[in-house]
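Colleague: One structure, pasted below without further comment.
Read the figures in this text as sums done on the coordinates, not as results from a lab. None of the values given here were measured: they were computed from a predicted structure. Cβ placement follows ideal geometry from the backbone for every residue including glycine, while neighbour counts extend to all protein chains displayed.
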Amino acid sequence: MIIREADIDADRATLIDFLRENLTSQSDEKRFDWLYRSNPYGEARAWIAFDEGKGSVIGVAAAFPRLVRVSSQDLLCWNLGDFAIKKGYRSLGPALLLQRACLAQVNEGEIPFFYDHPSDRMMAIYERIGIPATGRVVRFAKLVGIDLKVAQFLQYGPLAQGVSALGNLLLAVKDRKRAVHKGLTISLCTGRFGEDFSHLDEKVSGHFKIYGRRTTQYLNWRYGDNPLQEYTILTVRHDAELLAYAIFSQIGQTAVLVDLFGHPQPDIIAFLLAALVEGLRQRGILTLSAPALESSPFNSFLKQAGFFVRESSSFIVYTQKNGPLDGVVTEAGNWFLTHGDRDI
């Protein structure tokens, strides 16, 4: 077995086909060109594992550039993703070799650090290498409508509809009481992200020790140009000044709060979350999930808005041991991280 770095152009078809067969059915030319080539911070890097005897690809790992602000300094790091091993080769051997190819770039000083959201199986590889979890990403969840819960107990249509309507009304009243308006306005962001999003990113940067930059250019690529998923952006403003925003996606009657960003003031975020929930309720959404790092500073706002903690998964940050960033980027409490920061 050998590992070599992929040529993003020459190996394009190989990577697309392998990922479609072994990781995601969404792997196609549009996804590849967007994710691997169009990133505003540079092209992705990838490594391919080969079975020399059979002359076939048995594994792939990729790294996507991400601009992260660390203590007022912008650093270009990697967001790892697209890690896949062919069925029949899913022992630790091939996975360890691929992972060590990524680790080598940090150990040799080519990049300052990378972060990853590994699956349980991938976490076992990190543990084998001796890299512990940096933190936990928890899924916060909120009941937006009670229709499904009512249907579990009441089979009679009209009665179930009446109970659901009353329950949804009570939920709506409770959510409205949590929000304080104070001249704030809510609106949908349609079209491209404007420069005011970059201005907001800079204004609030001092509130977060470590976070992925949310510039206009990045947001337009990550959400506006994304060929895999449509997103809705809800903004809160005061006298036309952008103060915060929420980005969400929806599938059926379920929505995911992908990003929540802005001035970390309780009245602003409470108003935004209340408007978001009310808008989702009008769309017929029944549940809203909000994955975030366990120690993220906005989590208190989610709890106050009626979100509850559900399952969790690992979050990894790797940098040179005893290097200048060790103990900084490897401290989960320093990070502001939402679902939108994870691999695609």
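Colleague: I need the calculated FRET efficiency for the pair residue 12 and residue 343, taking r as the beta carbon distance and R₀ as 25 Å, to the nearest 0.05. List each step's numbers first, then the result.
Modeller: On the way: r = 19 Å, r/R0 = 0.76.
The pair residue 12/residue 343 has a calculated efficiency of 0.85.
Colleague: To the nearest 10 degrees, how steeply does helix 120-129 sit against the main Cα axis of the chain, on a 0 to 90 scale?
Modeller: 40 degrees
Colleague: How would the stretch 2-131 be classified by its alpha-carbon gyration tensor: rounded, prolate or oblate, with rounded meaning a/c under 1.5 and the a/b versus b/c comparison settling the rest? It would help to have the intermediate numbers written out before the result.
Modeller: Values: a/c = 1.81, a/b = 1.23, b/c = 1.47.
Here the stretch 2-131 falls in the oblate category.
Colleague: Test of understanding: in a Gaussian network model of the chain with alpha carbons linked when under 10 Å, which of 205, 72, 313 would top the mean-square fluctuation ranking?
Modeller: 72
Colleague: Continuing with the same structure: Provide the FRET efficiency to the nearest 0.05 for the residue 331-residue 207 pair, computing r from the beta carbons and using R0 = 25 Å. All intermediate terms of the calculation are to be shown ahead of the outcome.
Modeller: On the way: r = 17 Å, r/R0 = 0.67.
Efficiency, from the Cβ-Cβ distance: 0.90.
Colleague: Right, another one. Could you list the GluC sites (Glu not before Pro) in the stretch 73-145 that lie in coil according to DSSP, counting only those with at most 14 other Cβ atoms within 10 Å of their Cβ? Don't skip to the end; give the middle numbers.
Modeller: Numbers: sites: 108, 110, 127; in loops: 108, 110.
Qualifying residues, ordered by number: 108, 110.
Colleague: With labels modelled as points extended 7 Å from the Cα through the Cβ direction, what inter-label distance (nm, one decimal) is found for residue 51 paired with residue 254?
Modeller: Spacing of the two 7 Å Cα→Cβ label points: 3.4 nm.
Colleague: Further question: Could you please state, rounded to a whole Å, how far the C-alpha centre of the stretch 83-138 is from the C-alpha centre of the stretch 312-331?
Modeller: Cα centroid to Cα centroid, the span is 13 Å.
Colleague: Okay, moving on. What whole-number distance in Å separates the alpha-carbon centres of the stretch 264-308 and the stretch 1-49?
Modeller: The stretch 264-308 and the stretch 1-49 have Cα centres spaced 35 Å from each other.
Colleague: Also, I was wondering about something else. What is the dipole size for the stretch 173-305, taken about its Cα centre, with +1 at each Lys and Arg Cβ and -1 at each Asp and Glu Cβ, in debye to the nearest 20?
Modeller: On the way: 15 positive and 13 negative charges, 90 e Å.
Value, rounded to 20: 440 debye.
Colleague: What pairs in 54/86; 209/321; 30/203; 209/303; 30/86 have C-alpha atoms more than 25 Å from each other? Show your work: numbers first, answer last.
Modeller: Working: 54/86 13 Å; 209/321 20 Å; 30/203 34 Å; 209/303 22 Å; 30/86 23 Å.
Among 54/86; 209/321; 30/203; 209/303; 30/86, the Cα-Cα distance tops 25 Å for 30/203.
Colleague: Still on this structure: What Kirkwood Rh does the chain have if only Cα atoms enter the pairwise 1/r average? Answer in Å. All intermediate terms of the calculation are to be shown ahead of the outcome.
Modeller: Numbers: mean 1/r = 0.0461 Å⁻¹.
About 21.7 Å for the chain.
Colleague: With contacts defined as alpha carbon pairs under 8 Å and 6 or more residues apart, what's the relative contact order of the chain in percent? Mind showing how you got there, number by number?
Modeller: Working: 626 pairs, mean separation 74.7, N = 344.
22 percent.
Colleague: Now a separate question. FRET efficiency for residue 321 and residue 294, Cβ-Cβ distance as r, R0 = 30 Å, nearest 0.05? Don't skip to the end; give the middle numbers.
Modeller: Working: r = 24 Å, r/R0 = 0.79.
Rounded to the nearest 0.05, the efficiency is 0.80.
Colleague: What's the extension gain from residue 199 to residue 38 if we count 0.36 nm per residue and subtract their Cα-Cα distance? List each step's numbers first, then the result.
Modeller: Numbers: separation 161, 0.36 × 161 = 57.96 nm, distance 2.28 nm.
Full extension from residue 199 to residue 38 adds 55.7 nm.
Colleague: Tell me the mean residue ellipticity at 222 nm calculated for the chain from its helices only (DSSP H runs of n ≥ 4, each -39500 (n - 2.57), averaged over every residue, nearest 500).
Modeller: -9500 deg cm²/dmol
Colleague: Any idea what the relative contact order of the stretch 2-131 is, in percent, if you count C-alpha pairs under 8 Å spaced at least 6 apart?
Modeller: Answer for the stretch 2-131 is 21 percent.
Colleague: What range in the chain is the longest one free of trypsin sites (Lys or Arg not before Pro) that are in a loop by DSSP and have at most 16 other Cβ atoms within 10 angstrom? Each step should come with its number before you reach the end.
Modeller: On the way: sites that count: 54, 87, 90, 182, 192, 283, 321.
The reported range is 91-181.
Colleague: Now for a different question. About the Cα centre of the stretch 1-113, what is the dipole size in debye to 20, counting +1 per Lys and Arg Cβ and -1 per Asp and Glu Cβ, all else neutral?
Modeller: Numbers: 14 positive and 16 negative charges, 80 e Å.
With Lys and Arg at +1 and Asp and Glu at -1, about 380 debye.
Colleague: Enumerate by residue number the GluC sites (Glu not before Pro) in the stretch 200-286 meeting two conditions: DSSP loop (anything except H, G, I, E, B), and at most 16 other Cβ atoms within 10 Å of the site's Cβ. Could the numbers behind the result be given before it?
Modeller: Working: sites: 202, 230, 241, 278; in loops: 230.
Counting only loop positions with at most 16 other Cβ atoms within 10 Å, the GluC sites (Glu not before Pro) in the stretch 200-286 are 230.
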